[in-house]
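Since the structure comes first, as structure tokens, the remarks are kept for the end.
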Amino acid sequence: MQKVKRKSTDNDGSQQKKKKVTFTGPKVENKKKSDVKVKGEKVNFDKDKTKTFKKFNKNDHKNKSLTKKKPLTSQGDGEKPKWSEMKKEKKTLRTERRKAKATAEIFEISHKAKLLAAQIQRKVVKPDFRMKACKELHSLIKGQYKSIALTHDLSRVIQVLLKHSPEDVKNEITEELMDIMVPMMRSKYANHSVTRILKYGTDYIRHEVIKKLFGHIVSLASHTISAPVLDYAYGEFATKKEKIHMQQEFYGDMYKNSKDNKVKTLSDAYKNSPEMKSAILQSCKANIQKILDKNLHDGELLHSVLYDYIRECSSEDRVELISTLSPLIVPLSNSLPGVNAASMCLWQGTNKDKKTILKVVKEHVVPLSKHKTGYRLLIAIFDSVDDTVLVKKVIVSTLANNIKDIANDHWGNMTLRWLVKPKDPTVFHPTFIKFLEEGLKSGTSKKDADLRVSELREAIFPALKADIESDASFWLSSKTTLFLVVALLSVESSKTIVEALAKAICQLDWKVKVNDEEVFAIEDAGIHMCLKKLAILDKTASDSLGEAICDNIDDETLKVWLSSNRGSFFVLKLIENNNDKISSKLKKKTKNYLNILKQQSSEGAKLLLQCLK
């Protein structure tokens with residue numbers, strides 16, 4: 001493009017190289033605005049003062065030199081900027097702006113309040129000084145809490161007071177803020193203050209706060225900022241009655257201002273008025289959908305309403321809801337009502353829905369197996385999905401690859417226990433077993449239950465056996481893991497496993513930590529109980545643990561056992577539950593140390609002596 005030359009307006013007629021025009025003239029006085037003339041009239045400029053204007057071309061944005069920012073502090077060419085000076089300059093400017101916005105009195109109060117709050121938060125502060133500072137800070141801003149609760153900086157001061165101040169100060173702050181509790185819940189900054197009130201306040205304060213939320217439950221549950229705080233109040237502090245009242249607001253607007261203690265579930269809302277069923281269900285569906293549209297599907301309150309709705313809604317609405325919830329099955333499993341709703345999705349869903357659920361679960365198998373409610377979802381899958389090939393590939397193989405990590409966790413152990421020995425009444429609560437049985441009957445599963453169990457065992461048994469054989473000491477290190485070994489051997493006996501366990505049990509250095517102290521594992525209550533269960537299995541097992549122990553135990557280990565009550569009981573159980581040949585071997589070894597038994601006054605030693613006689 002051809003450049004267009006711009007004529008110079010200077011009197012000397014010289015050509016300007018830069019795109020800049022400089023005007024000179026007499027100075028314009030600030031006080032006399034009448035000296036400056038507009039609309040074609042002459043503008044007076046001072047001779048010493050110059051004004052420079054840049055005229056930009058269409059292509060000027062390509063010139064990078066025009067977009068360079070100058071540092072806040074003047075630096076020489078090639079010198080690095082002094083960041084400390086720049087920081088101070090920024091801070092000064094910010095302080096001046098704040099002073100300009102607020103009056104001098106308010107600014108000084110807020111400044112002092114923030115300094116006191118910073119001192120209160122220090123870990124090295126003495127308790128007496130902290131209490132004194134809290135009272136001083138409270139007296140400074142008392143009566144102003146409503147006006148500062150929603151602000152960015154002073155809301156933090158309130159949070160400090162709610163955490164560290166004495167109970168009477170907390171009560172006064174909460175009473176002053178009670179009228180604006182709902183706006184605070186929705187505020188980006190003030191919602192943290194509500195959390196502090198719930199966390200550090202008394203039970204009376206907590207329930208007063210929850211009462212203030214009634215009438216706004218659905219709107220708060222569908223707000224991205226207030227939803228987590230509401231769920232915190234619901235899950236941690238609300239009573240059973242308050243929880244029911246919160247759920248009622250999802251059933252329709254009629255429950256916003258009045259609550260009914262007789263309505264405990266969704267079906268109770270239209271029990272006496274069947275003609276209201278359709279309207280109540282539609283209202284509940286709309287409220288649920290409003291929250292799901294905001295992607296706020298991780299709250300226990302929503303899960304409780306969902307579980308109520310999915311049981312009562314029509315089959316068409318249930319199909320629609322299951323297809324919506326299938327991709328959200330993992331966050332649903334974070335609460336008990338949520339995992340119950342997820343189980344309903346499994347039972348009532350189509351094969352396509354089940355495959356979607358398995359695809360979502362695939363990435364979260366290990367965390368779910370170790371979660372206090374998530375493990376129930378995996379058990380529901382084991383108990384109801386007919387496509388065992390897919391279940392083995394997606395879930396069981398992952399469990400097998402992380403078997404030690406999962407077995408060492410209480411809930412993970414329960415997951416593996418179901419695969420090894422499902423519906424074991426000694427492990428699983430009867431109500432949970434009944435819940436699964438009723439769900440399976442109402443669902444779409446057609447496969448025989450025993451066939452499904454045997455097919456899943458084929459995937460987990462080899463990995464479990466191989467790990468026990470290779471590292472028996474790990475499986476004997478706690479009662480949690482040892483219970484799983486007992487369950488495995490009660491289903492299927494294995495000579496190699498029994499031999500590996502016997503070698504580990506007979507080691508003299510087999511010890512565990514109890515209350516930060518090392519003790520012989522035979523004396524630990526939980527392990528001792530599991531060992532007795534293993535000994536009882538010898539009655540029917542083809543491979544006897546008693547025989548394996550008799551072959552591997554040395555004199556020093558036997559002395560340690562016989563000198564303790566629980567060790568004597570274990571030897572007695574082995575003698576009682578084995579055949580005559582093995583029992584006589586054990587008796588012969590034990591009789592060599594009758595003097596040790598006679599020195600003991602424990603019940604186990606006395607019973608063992610009687611058995612030997």
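The values are calculated or read from the model by the stated rules, or taken from the named source; none is laboratory data. Not measured: the values here are computed from a predicted model. Don't worry about glycine lacking a Cβ; one is built from the backbone with ideal geometry, like all the others, and counts go over all protein chains shown. Calculation scope for accessible area: heavy atoms of the full protein, side chains included, ligands and nucleic acids excluded. Shrake-Rupley method; radii C 1.70, N 1.55, O 1.52, S 1.80 Å.
Observations on the structure shown:
- Selection within segment 444-476 - out of contact with any helix residue (DSSP H, G or I) (no Cβ under 8 Å at 6 or more places or on another chain), of a type outside the set (D, E) and outside any helix (DSSP H, G or I): K446
- Residue match in segment 201-211 (condition: more than 23 Å from K259 (Cα to Cα) and not acidic (D, E)): yes
- Among the residues listed as Q247, Q289, the single one being in contact with a Ser or Thr (Cβ under 7 Å, 6 or more places away or on another chain), of a type outside the set (D, E, K, R) and within 19 Å of H303 (Cβ to Cβ): Q247
- Verdict on F214 being open to solvent by 30 Å² or more (accessible area, probe 1.4 Å), in contact with a His (Cβ under 7 Å, 6 or more places away or on another chain) and farther than 21 Å from Q282 by Cβ: yes
- Among the residues listed as K256, K262, K243, the single one being open to solvent by 20 Å² or more (accessible area, probe 1.4 Å) and free of Cβ contacts under 8 Å to residues at least 12 places away in the same chain: K262
- Checking each residue of segment 407-426 against the condition of being touching a residue at least 40 places away in the same chain (Cβ under 8 Å), closer than 23 Å to M529 by Cβ and of a type in the set (V, I, T) gives at least one match.
- Remark: pairs (first residue in segment 347-371, without any contact (Cβ under 8 Å) to a residue 12 or more places away in the chain; second residue open to solvent by less than 10 Å² (accessible area, probe 1.4 Å) and part of a helix (DSSP H, G or I); Cβ separation under 9 Å; 6+ apart in sequence or on different chains) = K352/S326; P367/G374.
- Of the criteria (1) among the charged types (D, E, K, R); (2) more than 25 Å from G374 (Cα to Cα); (3) at pLDDT 90 or above; (4) open to solvent by less than 70 Å² (accessible area, probe 1.4 Å), which one K277 fails: (4)
- Summed over segment 352-387, the residues that are assigned to a helix (DSSP H, G or I) and in contact with a Phe, Trp or Tyr (Cβ under 9 Å, 6 or more places away or on another chain) give a count of 11.
- Sole exception among (1) open to solvent by 60 Å² or more (accessible area, probe 1.4 Å); (2) at pLDDT 90 or above; (3) closer than 25 Å to V394 by Cα for H429, by number: (3)
- Subset of segment 147-192 [basic (K, R), assigned to a helix (DSSP H, G or I) and under 18 Å from S226 (Cα atoms)]: R156, R186
- Checked against (1) open to solvent by 10 Å² or more (accessible area, probe 1.4 Å); (2) touching a Lys or Arg at 6+ places or on another chain (Cβ under 7 Å); (3) in contact (Cβ under 8 Å) with a residue 40 or more places away in the chain, C530 passes all but a single condition, namely (1).
- Looking only at segment 308-325, and only at residues there that are out of contact with any Gly (no Cβ under 7 Å at 6 or more places or on another chain) and under 24 Å from K393 (Cβ atoms), the one that is surrounded by the fewest Cβ atoms within 10 Å (Cβ to Cβ): S323
- Residue list for segment 432-448, filter: open to solvent by less than 60 Å² (accessible area, probe 1.4 Å) and without any contact (Cβ under 8 Å) to a residue 24 or more places away in the chain: I433
- Enumeration of residues in segment 474-518 that are polar (S, T, N, Q) and either in contact with a Cys (Cβ under 7 Å, 6 or more places away or on another chain) or loosely packed, with under 14 Cβ neighbours inside 10 Å (or both): T496, N515
- Within segment 108-158, the set of residues being acidic (D, E) and modelled with pLDDT of 90 or more comprises D128, E136.
- Only listed residue being in a loop (DSSP other than H, G, I, E, B) and of a type in the set (A, V, I, L, M, F, W, C), chosen from A227, A238, A233: A238
- For segment 196-205, the candidate set comprises residues that are open to solvent by less than 40 Å² (accessible area, probe 1.4 Å) and assigned to a helix (DSSP H, G or I); within that set, the residue that is farthest from E176 (Cα to Cα) is L198.
- Filtered residue count, segment 336-367, keeping only those that are open to solvent by less than 10 Å² (accessible area, probe 1.4 Å), out of contact with any Leu (no Cβ under 7 Å at 6 or more places or on another chain) and closer than 21 Å to Q289 by Cβ: 1
- Test result for D543, of a type outside the set (F, W, Y), in a loop (DSSP other than H, G, I, E, B) and over 16 Å from S564 (Cα atoms): yes
- Residue list for segment 592-606, filter: assigned to a helix (DSSP H, G or I) and in contact with a helix residue (DSSP H, G or I) (Cβ under 6 Å, 6 or more places away or on another chain): I596, L597, G604, A605
- Candidates L140, L154, L150, L161 - the one that is under 36 Å from the mean Cα position of the chain (by Cα) and open to solvent by 40 Å² or more (accessible area, probe 1.4 Å): L150
- Close pairs (6 angstrom Cβ cut-off, 6 or more residues apart or separate chains): surrounded by fewer than 23 Cβ atoms within 10 Å (Cβ to Cβ) in segment 378-396, modelled with pLDDT under 90 anywhere: S384/L440; S384/G443; S384/S445; D386/S445; D386/K447
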